[in-house]
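Enquirer: The structure is given below, and queries will be raised subsequently.
The values are calculated or read from the model by the stated rules, or taken from the named source; none is laboratory data. This is a predicted model, so every value here is computed, not measured. Virtual Cβ from ideal backbone geometry, glycine too; neighbours counted across all protein chains shown.
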Amino acid sequence: MSAPRDEDRLLDHKYDDIQEYDNPLPTWWTVLFVVTIIWAVAYYMNVIPGVGTGKGKIANYDAEMAAAAEKFGTPEQQQEAAIDESAVTAALGDPAKLELGKTTFNTTCMACHNADGGGNIGPNLTDDYWIHGNSKKDILTTITKGVPDKGMPTWSATLKPDQISAVAAYVITLHGTKPAVAKEPQGILMTAEGVPAAADTAAAK
Ligand code: HEC
């Protein structure tokens, strides 16, 4: 098809003596234009898998998080799992973890419990008397939840799970050491881990 001459495409209306050409858009342009419209609709309605807005960034994120939670547990569950008793047992046999526990103790706990655990504002952690129990679980609970109204801070927000299990393990290793300056016993006499000696409580509460 040969291109029409300019005169042929001159439109017959005239405004203020000005005439205009009928200049149709090139076919390729029009086709592209229509394709983009179809594409936009398809994209918006998400009819082509993999192309389009999907369910939206937030929904996608939620879906990925849900899938991950199913596989690895929710962040809360992970936190709990990371600081359970087995983590303390593991830390007790791991020199690097005990070292982490020691560093954590010396930076965060020393002020109240003394570097050797002999006690200061907080109770002596080396003796056989415990206010909140001496099992791994008890010690973990005391550290994570704290005893806010008695001056023992809550550490779950400040320390990372591995620091908590490490410092709990370190506290356990302090037991039985005889610090030069030790605070008087507080709490209940525990004859073994988790075993209170019946009716034998320290005079000082
Ligand atoms: C601001 C002072 C303070 C700091 C810091 C502190 N504690 Fe305590 N802690 C206390 C007090 C006070 C108690 C006693 C709570 C009570 O009387 O019920 C206590 C109790 C404890 C107990 C329970 C002792 C028992 O007899 O049952 C443990 C275990 C313990 N702290 C570990 C830690 C660890 C580990 C850290 C560091 C991560 C730490 N504390 C930091 C003040 C502190």
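Enquirer: Return yes or no: is ILE172 within 21 Å of the chain's Cα centre (by Cα) and not basic (Lys, Arg)?
Expert: For ILE172, the condition - within 21 Å of the chain's Cα centre (by Cα) and not basic (Lys, Arg) - is not met.
Enquirer: Still on this structure, please answer the following. Taking region 21-34 on its own, how many of its residues are over 48 Å from the mean Cα position of the chain (by Cα), aromatic (Phe, Trp, Tyr) and in a helix (DSSP H, G or I)?
Expert: The qualifying residues number 2.
Enquirer: Here is a follow-up. State yes or no: is ALA180 more than 7 Å from the ligand (Cβ to nearest atom), touching a residue at least 12 places away in the same chain (Cβ under 8 Å) and under 23 Å from ALA90 (Cα atoms)?
Expert: No: the conditions fail for ALA180.
Enquirer: Check region 120-137 and report whether any residue there is free of Cβ contacts under 8 Å to residues at least 24 places away in the same chain and either out of contact with any His (no Cβ under 6 Å at 6 or more places or on another chain) or of a type in the set (A, V, I, L, M) (or both).
Expert: Checked against the condition, which is being free of Cβ contacts under 8 Å to residues at least 24 places away in the same chain and either out of contact with any His (no Cβ under 6 Å at 6 or more places or on another chain) or of a type in the set (A, V, I, L, M) (or both), region 120-137 yields no hits at all.
Enquirer: Assess whether GLY146 counts as being at pLDDT 90 or above and in the same structural domain as GLY93 (by TED's automatic domain parsing).
Expert: Judged against the criteria, GLY146 is a match.
Matching residues to (1) modelled with pLDDT under 90; (2) in a helix (DSSP H, G or I); (3) not assigned by TED's automatic domain parsing to the domain that holds SER156:
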{"site": "MET1", "(1), (2), (3)": "yes, no, yes"}
{"site": "ASP12", "(1), (2), (3)": "yes, no, yes"}
{"site": "GLN19", "(1), (2), (3)": "yes, no, yes"}
{"site": "THR36", "(1), (2), (3)": "no, yes, yes"}
{"site": "VAL41", "(1), (2), (3)": "yes, yes, yes"}
{"site": "GLY50", "(1), (2), (3)": "yes, no, yes"}
{"site": "GLY54", "(1), (2), (3)": "yes, no, yes"}
{"site": "LYS97", "(1), (2), (3)": "no, yes, no"}
{"site": "LEU100", "(1), (2), (3)": "no, yes, no"}
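Enquirer: Taking the stated definitions as given, is ASP128 under 17 Å from ASP84 (Cβ atoms), within 11 Å of the ligand (Cβ to nearest atom) and not hydroxyl-bearing (Ser, Thr, Tyr)?
Expert: No; evaluated as a whole, the condition is false for this residue.
Enquirer: Looking for whichever is in contact with a helix residue (DSSP H, G or I) (Cβ under 8 Å, 6 or more places away or on another chain), over 11 Å from ALA182 (Cα atoms) and assigned by TED's automatic domain parsing to the domain that holds PRO153 here; the options are LEU125, LEU140. Which one fits?
Expert: Answer to the selection: LEU140.
Enquirer: Scan region 96-116 residue by residue and report those that are buried (at least 17 other Cβ atoms within 10 Å of the Cβ) and either hydroxyl-bearing (Ser, Thr, Tyr) or within 9 Å of the ligand (Cβ to nearest atom) (or both).
Expert: Matches in region 96-116: GLY101, THR104, PHE105, THR108, CYS109, HIS113.
Enquirer: With respect to THR154, is the statement that it is of a type in the set (S, T, N, Q), in contact with a Phe, Trp or Tyr (Cβ under 9 Å, 6 or more places away or on another chain), assigned by TED's automatic domain parsing to the domain that holds GLU85 and surrounded by fewer than 21 Cβ atoms within 10 Å (Cβ to Cβ) true?
Expert: no
Enquirer: Only residues that are over 11 Å from ILE172 (Cα atoms) and more than 7 Å from the ligand (Cβ to nearest atom): list them for region 139-151, please.
Expert: Those that are over 11 Å from ILE172 (Cα atoms) and more than 7 Å from the ligand (Cβ to nearest atom): THR141, THR144, LYS145, GLY146, PRO148, ASP149.
Enquirer: Still on this structure, I have one more. Considering (1) free of Cβ contacts under 8 Å to residues at least 24 places away in the same chain; (2) surrounded by fewer than 18 Cβ atoms within 10 Å (Cβ to Cβ), say which one THR142 fails and leave the rest.
Expert: Failing condition for THR142: (2).
Enquirer: Would you check which residues across region 189-200 are surrounded by fewer than 20 Cβ atoms within 10 Å (Cβ to Cβ) and within 12 Å of the ligand (Cβ to nearest atom) and list them?
Expert: Passing the criteria: LEU189, PRO196.
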